[in-house]
Amino acid sequence: MGGRPLYLEPLYLEPRLGPRLRSLMAAAGTLHSLTDALGSPLHVVVPDQIAENVERFRSVYRAHHLGGQIFYAHKANRSSALLRRLAATDAGVDVASLEELQHALGAGFAPGRITATGPKNPEFLWLAARTGVTVGVDGPAELDQLAALVRKHALDRVRVLLRLSGFETAGVRVLSRRSRFGTPVAQAEELLEAVERHGDAVEATGVAFHLDTTSVAEKAAALEGCLAVLEACRSRGLRPRAVDVGGGFGVSYLAEREQWETYTSELTAAVMGRRPPLTWGGHGYGLREESGTLRGALGLYPAHRSVAGPAYLDDLLAQPAPSLGGRPLAALLLEHLYDLYTEPGRALLDQCGLTLAKVLEVRTQGSDGALLVRLAAKADDIALEDHGVLMDPVVVPRSGAAQGEGPVAVHLFGSLCLETDLITRRTVFLPRRPAPGDLLAFANTAGYAMDFHATRAQQQPAARKVAAWQDGDAWRWCLDDQFWPITPSGGVQ
């Protein structure tokens, strides 16, 4: 059969490629020279893209006549190049650990452009207070701890954002999922009392929320609830001026909606036994068949989204607030002269990088006709599937190599001596058969997929990282930690 699959037809999930990533993937010679020199796998980040993404978010602010700040969620990628390029814009950064705070300060961010959120150990809290960054607090106990530090070390008052959760709605009920972060709005009075008690040590500059959901309705309800708490603050004589709506704006990873809809439909059919399996071992991504009935829920990221990133923010701001006269949320923010804070992570990293993995072996095993492709990479080096993202890699052939037959179905395996080291459980369809020495380029991995899960299992190194930028028709690069907004050639990015 020559590796040709026993499937009805290929089911492609082609990645959405912006101009920069498309150009970079076309530079096959550059990509092969990089992996020849620095090994496989290899992460390549594109710093200029993050600056462009900031501007796209800014355009939404301008469209609604809103002021405020965009804080990049640092946890999404620990690249120095991306952070330093961001420091050369007007954006800020949200840090969630002592090390991230040190990284941001060292990359060129002034304290006024930094917020500190997430769980905090005493060292993290002390450096945040010492340097004067804004601290997002989850409850009265954290306020007590922060105030004690300020008094003990005779520090200036610290700006704080009060993080809230457990929002309720009027009229049609919108369920707000439970969160481990923030103070339930029903207990907001206790939090405000703590702010008043520590008025000599902290200044409440606003309120915040972060919901782990793609639901615009849930976030609109949370923003409406925050506006109500801001009014409660003002009635107490406090002067908050900002609402931080967190992140979760999303990315659309795939080029074609039809491919996503077709794949999920065919996956369901495969789980039900109505077509050949589409995964290694019949994995159902949360779906299962029980006595002829489909059970479970599809545990995948919606890889094609019609509204994502800046467009999602625009949609959120246009939502009405039922308890406040049904007026759009953006209009209410503007009317009260409140600043809007956002914390995009994945969305600011859209199209900001790719991951390269060298093909080591291609062989046939089993009766389904699918090829087994072993890569010089571990599953945790390309952690798209850890975040539920399904997307085809792009084959980057060796210069002068013969084009293989196609299309073919393949299973992608990593380099660990583990049955579970699958780059993806999905059967991947490629337009041609890869060959040893080819590269597979996984697009749009900068958001969480590069190093959030990286390990050195079996003493195999984690992927190295480089920064790349366009110089006319050519691509230039340097090691990630050697990139600054002034390039090695002296040109300003």
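The values are calculated or read from the model by the stated rules, or taken from the named source; none is laboratory data. Bear in mind the structure is a predicted one, so any value in this text is a computation, not a measurement. All Cβ positions, glycine included, derive from the backbone under ideal geometry; neighbour counts span all protein chains shown. Side chains included, ligands, DNA and RNA excluded: accessible areas come from the protein's heavy atoms. Shrake-Rupley method; radii C 1.70, N 1.55, O 1.52, S 1.80 Å.
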Amide H partners (placed H, <5 Å) of A208, local residues excluded
L162, R163, L164, D244
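Quick check on the chain: of the DSSP beta bridges with both residues there, what percent are antiparallel, nearest 5%? Provide the component values of the computation, followed by the final result.
Values: 36 of 72 bridges.
Roughly 50 percent of the beta bridges in the chain run antiparallel, per DSSP.
If I take every Cα pair under 8 Å that is 6 or more residues apart in the range 217-337, average their sequence separation and divide by the length, what percent do I get for the relative contact order? Please list the in-between numbers first.
On the way: 109 pairs, mean separation 34.7, N = 121.
Taking the mean separation of contacting Cα pairs over the length of the range 217-337, I get 29 percent.
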³J(HN,Hα) computed for each position of the range 430-440 - Karplus, 6.51 cos²θ - 1.76 cosθ + 1.60, integer Hz, glycine/proline x
10, x, 8, 6, x, 10, x, x, 5, 10, 9
Run the dipole for the chain about the Cα centre, Lys and Arg Cβ at +1, Asp and Glu Cβ at -1, nothing else charged, and hand back the magnitude in debye, nearest 20.
320 debye
For the range 258-322, shape from the Cα gyration tensor axes a ≥ b ≥ c, cut at a/c of 1.5 then a/b versus b/c, turns out prolate
On a C-alpha basis, how far is the centre of the range 14-50 from the centre of the range 433-484 in Å? Whole number, if you could?
7 Å
Heads up, the chain by the C-alpha gyration tensor (a ≥ b ≥ c square roots of eigenvalues; a/c under 1.5 rounded, else a/b over b/c prolate, else oblate) looks prolate
Send over a whole-number figure in Å² for the accessible area per residue of the chain, probe 1.4 Å.
41 Å²
T134's amide H: which non-local residues (gap 5+, or another chain) put their own amide H closer than 5 Å, with H modeled 1.01 Å from N in plane and none for Pro or chain starts?
I114, A116
Which lysines have a Cα less than 25 Å from the Cα of K465, not counting those fewer than 8 places away in the same chain?
K75, K358, K378
Relative contact order [Cα under 8 Å, 6+ residues apart], the chain, whole percent
23 percent
Per-residue HN-Hα couplings for the range 476-486, Karplus 6.51 cos²θ - 1.76 cosθ + 1.60 at θ = phi - 60°, whole Hz, x for Gly and Pro?
10, 8, 8, 4, 3, 7, 9, 7, 10, x, 9
When the helix-only estimate is applied to the chain (DSSP H runs of n ≥ 4, each -39,500 (n - 2.57), divided by the residue count), what is the mean residue ellipticity at 222 nm, nearest 500 deg cm²/dmol?
-8500 deg cm²/dmol
Any idea how far the Cα center of the range 263-290 sits from the one of the range 301-320, in Å?
29 Å
Other-chain or far-sequence residues with amide H under 5 Å of A377's (modelled H):
S415
Counting alpha carbon pairs within less than 8 Å and at least 6 residues apart, what relative contact order, in whole percent, applies to the range 100-246?
21 percent
Give the cross-link partners of K152 among the lysines, using a straight C-alpha distance below 23 Å as the criterion and excluding same-chain residues fewer than 8 apart.
K120
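Does the range 255-369 come out rounded, prolate or oblate by the C-alpha gyration tensor, with a ≥ b ≥ c the root eigenvalues, rounded set by a/c under 1.5 and, if not, prolate when a/b is larger than b/c and oblate if not?
Since a/c reaches 1.5 but b/c is at least a/b, the shape of the range 255-369 is classed as oblate.
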Selection from P276, V410, L294, by position along the positive dipole direction of the chain (Cβ)
V410
What is the packing order of peptides 116-125, 129-138, taking the mean over residues of other C-beta atoms within 10 Å and listing the highest first?
129-138, 116-125
Using a 1.4 Å probe on heavy atoms of the protein chains only, the accessible area for W280 in Å², nearest 10, reads 90 Å²
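Got a number for carbon plus sulfur as a percent of the chain's accessible area, 1.4 Å probe? Numbers along the way, then the final one.
On the way: 10310 of 20390 Å².
Looking at the chain in its full context, I get 51 percent from C and S.
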